[in-house]
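Input: a single structure, listed below in structure tokens.
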Amino acid sequence: MELLRIGVVGCGAIGREHIDRITNKLSGGKVVAVSDVFVEGAHKVGDPIGATVYNNSADLVNDPDVDAVICTTPGFAHKETVMQAIEIGKPIFCEKPLTTSAEDSREIVEAEIESGRHLVQVGFMRRYDKSYRQVKEMLDSGEFGKPLYLKCTHWNPEVGTNYDTPMAVHDTAIHEIDVLHWLVGDEYVSAQVMMPRQTKHTHRELKDPQLMFLNCRSGLIAMVEVFVNCRFGYDINCQIVCEEGVIDLPTPASPTFRKAGGLTTAIEQDWKRRFIDAYDVEIQEWINDVRNGEFNGPTAWDGLVANVTADALVASQESGAVVPIEIGEMPAFYKK
Ligand code: NAP
């Protein structure tokens, strides 16, 4: 195939970043069309690269010059574009979350199975991070025996006042929900959230920190600490305790300073920088796969698993109860 001709729906923050990386860093793809409900914004990014500009996703998806679509609108608008792409049979990379409700994700899964082709990839970019890939390689090698429990932290310096309690799941823990399920290849069966003593740096609408427990079919338990006003930095950790040893997610290299009687290492402050390479690898592999007629990324089923699991965690945030997770059996279509 010649260059993959890509249409991008949604020219906000991450849409512009993906357009920039496809245009200036990656190979094999070209952005030929962009759309946004805020059409001036679409012109601002589309005009300099000679892309056709639309004010709606249907026209972009149906443009015969567009081979594949990237959807970077806010979550509530994803379903419409994804369904349009499935309808016409074009591959689509959809930023997380696949949709904002489990029912909508199930509809996408059903439509994709009906189409008979793997078309929908969800933007769970941690799977493309070098350090998570190293951890998965070690786990898959079998050298560490069975994983028994996982301890993860998602620490973030601060959030705005529009960030509320459910967002700790839907916007933040959603990455852990997907990457842990991918790392250990287990199924979630129930979820629980416990609220420890609260920080003075939070506000009325946000419980912070939160301790989230995900129980898996094998008996494995994952504990995810989400603390989004921790003040000190953006710090993602994951430790997997196995039968034969412990695997820690490597932290990105950072200089250590000896000064004034102290030994210090800086902590990343900006979430965008922590996973910047993962976004490049993610989009490059998607372009390569589409050009080669392959599919290897996170599926619409993974998007549904994340939605159902997130709903169970949110249901537990108020009550603290253990909430069952009922996803149903993975359809044969999604089994590798
Ligand atoms: P954003 O800055 O608000 O950008 C979204 C853009 O889409 C805005 O320009 C918005 O226009 C436009 N839009 C809204 N409805 C639309 C529609 N129906 N058709 C076309 N355009 C529409 O949001 P963002 O931060 O880029 O996030 C976009 C998505 O990426 C979200 O799902 C988010 O969760 C995801 N994301 C993922 C990661 C990751 O780590 N993988 C990181 C960041 C974001 P208006 O502003 O005029 O409404």
Quiz prompt | Within a Gaussian network of the chain (alpha carbon springs, distance under 10 Å), most fluctuating of 124, 93, 295 | solution = 295
Quiz item: Over the stretch 4-123, what is the mean sequence separation of C-alpha contacts under 8 Å (at least six apart), divided by residue count, expressed as relative contact order in percent?
Solution: 24 percent
Quiz prompt | Mean separation of Cα contacts under 8 Å, 6 or more apart, over the residue count of the stretch 1-63: relative contact order % | solution = 33 percent
Exercise. Hey, can you grab everything whose amide H is under 5 Å from the amide H of residue 187? Only 5+ residues off in sequence or another chain; H modelled, so Pro and N-termini drop out.
Key: 217, 218
Quiz prompt | Alpha-carbon radius of gyration plus Dmax, which is the widest Cα pair, for the stretch 266-336 in Å | solution = 17.3, 48
Quiz item: Add -39500 (n - 2.57) for each DSSP H run of 4 or more in the chain, then divide by its residues: what number comes out at 222 nm, to the nearest 500 deg cm²/dmol?
Solution: -10500 deg cm²/dmol
Quiz item: For residue 94, which sequence-distant residues (separation of 5 or more, or a different chain) have an amide H within less than 5 Å of its own amide H, given hydrogens modelled in the peptide plane?
Solution: 71, 121, 122, 123
Exercise. Kindly express, to the nearest 10 degrees and within the range 0 to 90, the angle between helix 78-88's C-alpha long axis and the longest C-alpha principal axis of the chain.
Key: 40 degrees
Practice problem: Please state, rounded to one decimal and in Å, the Kirkwood hydrodynamic radius that the chain gives when every pair of distinct Cα atoms enters the mean of 1/r. | Solution: 21.0 Å
Practice problem: Determine the order of 155, 286 by accessible area, beginning with the largest, at a probe radius of 1.4 Å. | Solution: 155, 286
Quiz item: With every protein chain in place, what's the accessible area of residue 136 (1.4 Å probe, Å², nearest 10)?
Solution: 40 Å²
Quiz item: For the stretch 4-123, what log10 I(q)/I(0) values come out of the Debye formula at q = 0.13, 0.18 1/Å, with one point per alpha carbon and no solvent?
Solution: -0.44, -0.84
Practice problem: Compute the acute angle (0 to 90°) between the alpha-carbon long axis of helix 300-319 and the principal axis of greatest extent of the alpha-carbon atoms of the chain; round to the nearest 10°. | Solution: 40 degrees
Exercise. Return one whole number: the accessible area per residue of the stretch 4-123 in Å², for a 1.4 Å probe.
Key: 42 Å²
Quiz item: Over the chain, what is the mean sequence separation of C-alpha contacts under 8 Å (at least six apart), divided by residue count, expressed as relative contact order in percent?
Solution: 19 percent
Quiz item: Under a Cβ-Cβ cut-off of 13 Å, what is the net charge of the residues other than residue 220 that fall near it, where Lys and Arg count +1 and Asp and Glu count -1?
Solution: 0
Quiz item: Under a 1.4 angstrom probe, counting protein chains only, how are 5, 273, 126 ranked by accessible area, largest first?
Solution: 273, 5, 126
Quiz item: Per-residue accessible area for residue 36 at 1.4 Å probe radius, Å² rounded to 10?
Solution: 30 Å²
Quiz item: So how much slack lies between residue 231 and residue 27, counting 0.36 nm per residue of separation and subtracting their Cα-Cα distance, in nm?
Solution: 69.6 nm
Exercise. Heads up, I need the accessible area for residue 203: 1.4 angstrom probe, whole protein in place, Å², nearest 10.
Key: 50 Å²
Quiz item: What accessible area per residue comes out for the stretch 142-299, rounded to a whole number of Å², with a 1.4 Å probe?
Solution: 51 Å²
Exercise. Just flag the GluC sites (Glu not before Pro) in the stretch 110-170 sitting in loop per DSSP whose Cβ has no more than 13 other Cβ atoms within 10 Å.
Key: 143, 158
Quiz item: Between the stretch 133-197 and the stretch 276-321, what is the C-alpha centre distance in whole Å?
Solution: 13 Å
Quiz item: Of all DSSP beta bridges located in the chain, what percent are antiparallel, nearest 5?
Solution: 50 percent
Quiz item: So between residue 244 and residue 199, what do we pick up on full extension, going 0.36 nm a residue minus the alpha carbon distance?
Solution: 12.5 nm
Practice problem: Under 14 Å from the Cβ of residue 239, count the other residues' Cβ atoms, weight Lys and Arg +1, Asp and Glu -1, and hand me the total. | Solution: -3
Quiz prompt | Qualifying trypsin sites (Lys or Arg not before Pro) for the stretch 227-260 [loop in DSSP, other Cβ within 10 Å: at most 13] | solution = 231
Practice problem: Please report, as a whole percent, how much of the solvent-accessible surface of the chain comes from carbon and sulfur atoms (probe radius 1.4 Å). | Solution: 52 percent
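The values are calculated or read from the model by the stated rules, or taken from the named source; none is laboratory data. The structure displayed is predicted, hence computed values, not measured ones. Reconstructed Cβ throughout: ideal geometry from the backbone, glycine too, with neighbour counts over all protein chains shown. Heads up: the accessible areas ignore ligands, DNA and RNA and are worked out on the full protein's heavy atoms, side chains in. Shrake-Rupley method; radii C 1.70, N 1.55, O 1.52, S 1.80 Å.
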